[in-house]
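In what follows, a single structure is set out as structure tokens and then discussed.
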Amino acid sequence: MPLDIEKIKTDFPIFRNTHRNNKPLVYLDSAATAHKPQCVIDAESKFYSEDYGTVRRGIYFLSAMATEKYESVRKLIAEFIQASSPTEIVYTRGATESINLVARCYGESQLKAGDEIILSEFEHHSNIVPWLMLRDRIGVKLVYVRSTRDWRFDMDDYSDKLSERTKIVSITGMSNVLGTMPDLKAITALAHAKGAKVHIDGAQLVPHMGINVKFLDCDFLSFSSHKMLGPTGVGVLYMKRELGEIMSPWQGGGDMIEYVQFDGFTTNELPYKFEAGTPNMAGVIGFGKAIEYINSVGLINIMMHERETTEYVLRRMLETEGIQLYGPTTAENRGSVFSFNYKDLHSHDIGSMLDFNNIAIRAGHHCAQPLMGKLGVISTARASFYLYNSKEDVNILIDALQQSERFLKNAVR
Ligand SMILES: Cc1ncc(COP(=O)(O)O)c(C=O)c1O
């Protein structure tokens, strides 16, 4: 069913409130963080004002109710990504923390010097640095799969680099710079054939495409609430149950234990073993509302809408003189994230000029400096789209780019 964007926009207070220079907000930075529908804001606020109590600790009514809500979100998340059980869902502070958890708890206990970890050239710093830190601690080797000339994941290079030495393959589900979406099913099958485990950095994929972890058969999946209409400070690490069982916890403290004595402790069952301390309860409850909202709009409708938007953006960008687009130029296996440069303007100038028109984009290296090096640039401008963006937003972006250039030319005359 086509999305009614005008109606969807009314669910997001930011679009009602943020007008600057007499222009409505055109928000094109959802790859960095997505805006929140009123129902998510209300759910957090209601929790604090009416239902607040600590989870899994108190024996009183408020605590029991908070626990029930908090755990029901875990079930919702498990259903959303088709995990076998809520016990495979670990709450974290975000995708970054989830990836660090895998590197620390799986990497340190299961890998040894000389083992190899395969990453790709598309990775965000969050899916490079934790592995570099593991390398520095235990001496594993990082191997990077290169991209093809048209900025796709190079399956041939991957097959060549995969070997019995490979113990972990950790790949982005969607590049936050280029929108590239590797074939995760094929990547996982090939890795498993060599006995390697697969972690998917789903920070950009899960909000847009949904994911079925059983179908993919991935071992780990990381993602963040704030990129999918939920609050900040909440993330998810999906892990196959048998892997969670063999991993040691990383943070110690309240709730991750079964029993503590002065000279030792035993760990709690999954997933609590990896959840030390009082968690972000309101954030999790808000995240649950965000998933309900996405479900009510329909992930399939969101996917179809974004596919249409992607085709339109590609057409407009490719036909506009002076736009240098980085990344795949067809909508096939590509998400709605577009990195570009325009004429000889610096990306920060592009960002500032668009901001004057109340158009919010990102400019910089997008936490992907190694990829910038491959692209041969220091930074790019990036426009990223979500369910609340329309084709009109694309037109406004292109018009504003062209106007900005005219304005700058006149300014220097
Ligand atoms: C591909 C990718 N991975 C990981 C992250 C890190 O997510 P977070 O900052 O929510 O932990 C991001 C954030 O931009 C991302 O785009």
Per residue, how much accessible area does region 277-413 show when a 1.4 Å probe rolls over the protein heavy atoms, in square angstrom? 42 Å²
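What's the longest uninterrupted piece of the chain once you rule out the chymotrypsin sites (Phe, Trp or Tyr not before Pro) that are loop residues per DSSP with at most 13 other Cβ within 10 Å? Numbers along the way, then the final one.
Values: sites that count: Y60, F262.
Here the longest segment lacking exposed loop sites spans 61-261.
Could you put K7, K273 in order of accessible surface area, largest first, with the 1.4 Å probe and the full protein assembly present? Before the final figure, lay out each step's value.
Numbers: K7 125, K273 15 Å².
Result, largest first: K7, K273.
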Using DSSP to call loops (not H, G, I, E or B), can you name the trypsin sites (Lys or Arg not before Pro) in region 53-126 whose Cβ has at most 15 other Cβ atoms within 10 angstrom? R57, K112
Where the centroid of each part is defined by its Cα atoms, how far is region 246-266 from region 77-136 in Å? 21 Å
With every protein chain kept in the model, how would you rank H366, H35 by accessible area, 1.4 Å probe, largest at the top? H35, H366
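Using a 1.4 angstrom probe on the protein heavy atoms only, line up T188, T67 by accessible area, largest first.
Numbers: T188 0, T67 30 Å².
Output order, biggest surface exposure first: T67, T188.
For K185 and K46 in the same chain, what is the full-extension length gain: residue separation times 0.36 nm, less their Cα-Cα distance, in nm? Walk me through the numbers before you get to the answer.
Numbers: separation 139, 0.36 × 139 = 50.04 nm, distance 4.04 nm.
Result for the pair: 46.0 nm of gain on full extension.
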Filter the cross-link list K9/K36; K23/K289; K185/K214; K9/K69; K112/K194 down to pairs whose alpha-carbon distance in this structure exceeds 19 Å. K23/K289; K9/K69
Once amide hydrogens are built 1.01 Å from N within the peptide plane, the residues lying 5 or more places from T92 or on another chain with amide H under 5 Å from its amide H are G235, V236, L237
Can you list residues whose amide H is under 5 Å from V198's amide H, if they're 5+ apart or on another chain and H is modeled 1.01 Å from N? V169, D219, F220
So what J values fall out for region 10-18 if you push phi through Karplus, 6.51 cos²θ - 1.76 cosθ + 1.60 with θ = phi - 60°, rounded to Hz, Gly and Pro as x? 5, 6, 10, x, 4, 7, 7, 9, 9
Considering only region 1-160, what is the antiparallel percent among its DSSP beta bridges, to the nearest 5? 40 percent
Would you work out which of C218, L243, T267 lies farthest towards the positive end of the dipole of region 206-287, given +1 charges on the beta-carbon of Lys and Arg and -1 on that of Asp and Glu, about the Cα centre? C218
Extension length gain for E311 and I138 (0.36 nm per residue less Cα distance), in nm, is 57.8 nm
Please figure out what share of the DSSP beta bridges in the chain is antiparallel and state it in percent, rounded to the nearest 5. 60 percent
At 1.4 Å probe size, with the rest of the protein present, what percent of the exposed accessible area of region 198-291 is carbon and sulfur atoms? 52 percent
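For region 164-298, give the magnitude of the charge dipole about the Cα centre (Cβ charges: +1 Lys/Arg, -1 Asp/Glu; no others), in debye to the nearest 20.
Details: 11 positive and 13 negative charges, 95 e Å.
For this selection, approximately 460 debye.
Short version: what are the Cα gyration tensor semi-axes of the chain, square root of 5 times each eigenvalue, largest first, in whole Å? Display every interim value, and only then the final one.
Numbers: eigenvalues 266, 161, 62 Å².
Its equivalent ellipsoid spans semi-axes of 36, 28, 18 Å.
Pairs of Cα atoms under 8 Å, at least six residues apart: use those to get the relative contact order of region 1-137, whole percent. It would help to have the intermediate numbers written out before the result.
Details: 69 pairs, mean separation 15.8, N = 137.
Result for region 1-137 is 12 percent.
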Helix-only mean residue ellipticity at 222 nm for the chain, each DSSP H run of n ≥ 4 adding -39500 (n - 2.57), per residue, nearest 500: -12000 deg cm²/dmol
What do you get for the angle between helix 184-193 and the principal long axis of the chain? Use alpha-carbon atoms, 0 to 90 degrees, nearest ten. 40 degrees
Region 173-322: antiparallel bridges as % of DSSP beta bridges, rounded to 5, reads 75 percent
Computed for region 36-81: size of charge dipole around the Cα centre, +1 on C-beta of each Lys and Arg, -1 on C-beta of each Asp and Glu, debye to nearest 20, value 160 debye
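The values are calculated or read from the model by the stated rules, or taken from the named source; none is laboratory data. Computed from a predicted model, the values in this text were never measured in an experiment. As a convention, Cβ positions derive from the backbone with ideal geometry for all residues, glycine included, and neighbour counts pool all protein chains shown. Side chains are part of the model used for accessible areas, which takes the heavy atoms of the whole protein and leaves out ligands, DNA and RNA. Shrake-Rupley method; radii C 1.70, N 1.55, O 1.52, S 1.80 Å.
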